[in-house]
1. Could you please give the count of residues in the range B:144-169 that are touching a strand residue (DSSP E or B) at 6+ places or on another chain (Cβ under 7 Å) and part of a helix (DSSP H, G or I)?
2. Among the residues of the range A:11-29, is any at pLDDT 95 or above, touching a helix residue (DSSP H, G or I) at 6+ places or on another chain (Cβ under 6 Å) and farther than 16 Å from residue B:163 by Cβ?
3. Within the range B:253-272, track down each residue that is crowded, with 21+ Cβ neighbours inside 10 Å and either more than 18 Å from residue B:101 (Cα to Cα) or within 14 Å of chain A (Cβ to nearest Cβ) (or both).
4. Restricting the range A:1-10 to residues that are in a loop (DSSP other than H, G, I, E, B) and either at pLDDT below 95 or surrounded by 18 or more Cβ atoms within 10 Å (Cβ to Cβ) (or both), which is farthest from the other protein chains (Cβ to nearest Cβ)?
5. Any residue that is facing chain B (nearest Cβ under 8 Å) and either over 20 Å from residue A:15 (Cβ atoms) or crowded, with 21+ Cβ neighbours inside 10 Å (or both) - is there at least one of those in the range A:43-57?
6. Take the range B:113-142 and flag every residue that is on the phi > 0 side of the Ramachandran plot and touching a residue at least 12 places away in the same chain (Cβ under 8 Å).
7. Restricting to the range B:1-56, name every residue that is part of a strand (DSSP E or B) and either within 30 Å of residue B:133 (Cα to Cα) or modelled with pLDDT under 95 (or both).
């Protein structure tokens, strides 16, 4: 029976693991994982574990209610642009950051800041999030 | 990629309804989507002097089928517009849909298969059918509309993990722009105020815009003598810090239509045909940017392809519209296109240079904020404005010297970056 890549990603997150794929042809990382290398389309890929460490480059928020009901209990939240130490860019919820203009101005001035993954649960699904180290 | 048209293709006529709310706006109130689309088609057929029998194919677009309940637009809009038994298909390139339709139709014409093609876009973002009624509609909550619209975004990983368009497409880009060019947040606020003021001025001069009130008049109506005090008040909260609510899209209902033709179809055209000189289309899933959120690589590729096919340079552009759901993103795109110098966009806005009477006119219909945004119909509305400007028919907001080259850029969620180059003969 084939195993869903998407299911595997979220099950790995539940175990606090960030797993992507690395391409043997172009040497680039696909994270989160897809069926083929997202950069060159090669199928010659291997499992690749990411450290979960990186830098928060920017962080903002949304004034609107979250469109996806999964986040009704979590919202409002800060949402940031992160460069993982493997060179992969992701956007995710940033735990512990206030969304008032004063807090966001403070982070705007202080960024880039070291962050580490801080997996949270949203309606039964483990999802990628970060916290400032 | 050869990136050349074998034969020239022309826009013969354009149509566009007023953008507004099907439940409130007088010009479209009470219409169904079939009827609203037919209004735009009738205008385009009249504008082009085309009888429905001359149309060989129709490309009809719609994004949120939850509000239209029309996934098979091809047959249903054909029946409502006298286009039965043509070739046709439903298309969806999100907010680029109608211009994607022009590229598909143009390829059909340039290849010698079709002579004339009709492109239609229709959308309701504000209401859905009431219960099972074929004509009554009811308001939908804003978050529900975004939930459906976000079906266009990465459903495997981004949406389930907290993706939100406002920080991704507004706040983060705004912060990056300020840092990159050494602009203070206060300077950014003033620049965005002026940019909104320009768009609202254009909307106030356009009877088809969803918002026809200037920013100054709105401020006065709400008790502010100084419109900038209004800008930084709680009436205009941070949508995604440091971007405010009035620097973003106004969701709307609307329809647009375009008739395109081979060269042999333009001889009897009642109005000036506009040449489709070239285009560039590039897709990208998230992330839309990497280290520098002001730079979207796929837009670079789209502009390069379009300029190459049209054989123009950015110096030749007389009129530009870029996708402006997010005003700061639109400034980044306009700078990327070469129409504005890097890091100068907000200064140009403050100096009034982006107004219809400025030396770098942009979005003279009012853009996504003042004209409004009806997803699949909007790219056609942008093309509608470009055609009218090039024909010199925009009345009070007419660019003094009618543009010879117009460029229209759209971001179809998420993303299909589309750049169209139109030329006046």
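1. So the count comes out to 7.
2. yes
3. Answer for the range B:253-272, where residues must be crowded, with 21+ Cβ neighbours inside 10 Å and either more than 18 Å from residue B:101 (Cα to Cα) or within 14 Å of chain A (Cβ to nearest Cβ) (or both): B:253, B:265.
4. We begin by selecting, within the range A:1-10, every residue in a loop (DSSP other than H, G, I, E, B); these are A:1-4.
Then drop every residue that is not either at pLDDT below 95 or surrounded by 18 or more Cβ atoms within 10 Å (Cβ to Cβ) (or both), which leaves A:1-3.
Values: A:1: 20, A:2: 16, A:3: 15 Å.
Among those residues, the one meeting the criterion is A:1.
5. Looking through the range A:43-57, at least one residue is facing chain B (nearest Cβ under 8 Å) and either over 20 Å from residue A:15 (Cβ atoms) or crowded, with 21+ Cβ neighbours inside 10 Å (or both).
6. Residues of the range B:113-142 on the phi > 0 side of the Ramachandran plot: B:131.
If the condition is that a residue be on the phi > 0 side of the Ramachandran plot and touching a residue at least 12 places away in the same chain (Cβ under 8 Å), then no residue fits.
7. Residues satisfying the conditions are B:15, B:16, B:20.
Residue by residue, here is whether (1) within 29 Å of residue B:10 (Cβ to Cβ); (2) surrounded by 21 or more Cβ atoms within 10 Å (Cβ to Cβ); (3) at pLDDT 95 or above; (4) touching a helix residue (DSSP H, G or I) at 6+ places or on another chain (Cβ under 8 Å) holds:
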{"position": "B:351", "(1), (2), (3), (4)": "no, no, yes, no"}
{"position": "B:367", "(1), (2), (3), (4)": "yes, yes, yes, yes"}
{"position": "B:373", "(1), (2), (3), (4)": "yes, yes, yes, yes"}
{"position": "B:380", "(1), (2), (3), (4)": "yes, yes, yes, yes"}
{"position": "B:387", "(1), (2), (3), (4)": "yes, yes, yes, no"}
{"position": "B:391", "(1), (2), (3), (4)": "yes, no, yes, no"}
{"position": "B:399", "(1), (2), (3), (4)": "yes, no, yes, yes"}
{"position": "B:411", "(1), (2), (3), (4)": "yes, yes, yes, yes"}
{"position": "B:418", "(1), (2), (3), (4)": "yes, yes, yes, yes"}
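The values are calculated or read from the model by the stated rules, or taken from the named source; none is laboratory data. Every value quoted in this text rests on a predicted model; they were computed, and no experiment measured them. Note that each Cβ is placed from the backbone with ideal geometry, even for glycine, and that neighbours are counted across all protein chains shown.
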